[in-house]
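I have placed the structure first, in the form of structure tokens, so that the comments after it can refer back to it.
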Amino acid sequence: MPAPCNVVVLISGTGGNLQALIDTIQAGVTPARISAVISNRADAYGLQRAQAAGITTQVFDHKQFDGREAFDAALIDAIDSHQPHLVVLAGFMRILTPGFVRHYAGRLLNIHPSLLPKYKGLHTHQRALEAGDREHGCSVHFVSEELDGGALVVQAVVAVQPDDSPSTLAQRVHAQEHLIYPLAVRWFAEGRLQLSAQGALLDGQLLPNTGHLIRT
């Protein structure tokens, strides 16, 4: 049996998507192991989730570094000490330097709470409601040097309800995040997902520019 895919997860907050990954790995669904969870915030609740699962945790407070490049260089050293096959951004609220992104090209995944390329950045649920969108959702993508850019892997679409608020819409989107992020990690761990010069490949086939689309 091949060794499991070695994963390092970066977080800044509650770690909901981290917990979803932990659960699918513990259930034997995903042939991966999380070797470390690293946060830029010592108070991130996701660190407690990782410790409860017996996963090594580390904290790198970005405010203790002299600029973004110095922080990312230290972060690369910490990540590489675990020899990961894949680095997963799970609510990591830092804009990464181009050098960091290039270092992990093809093995760096992120999840974003919108149907990219719509609503890059923050306040996505509010923006979708203000635009009168009938559909909203979340996207897993390979990370590129463009903010919330990079080849799309999978997107989950949710219908916007007439009485939705940003918080109710966020709840339904989060539920889908906890399904599609473990799915994308599983595909990568199984050797089915990779990044090519043309875009994301699943089972050797180029995914459409929407990624694999799931409608709920």
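The numbers here are math on the coordinates, done by the rules we state, and not lab data. On a predicted model such as this, the values are computed, not experimentally measured, just so you know.
Need one number for region 1-104: average projected area of the convex hull over its C-alpha atoms, nm². If you can, show how the numbers build up before the last one.
Values: hull surface 25.8 nm².
Mean shadow area of the hull around the Cα atoms is 6.4 nm².
With both residues required to sit in the chain, DSSP beta bridges show an antiparallel share near 40%.
Per residue, the average separation of C-alpha pairs within less than 8 Å and at least 6 apart gives the chain a relative contact order of 19 percent.
Using C-alpha pairs below 8 Å separated by at least 6 residues, the relative contact order for region 1-104 is 37 percent. What label, among [x] 10.7; [y] 12.0; [z] 15.3, belongs to mean projected area of the Cα convex hull in nm² computed from the structure on display? Looking at mean projected area of the Cα convex hull in nm² for this model, the match is [y]. The mean sequence separation of alpha-carbon pairs under 8 Å and at least six residues apart, normalised by the residue count of region 113-216, gives a relative contact order of 28 percent.
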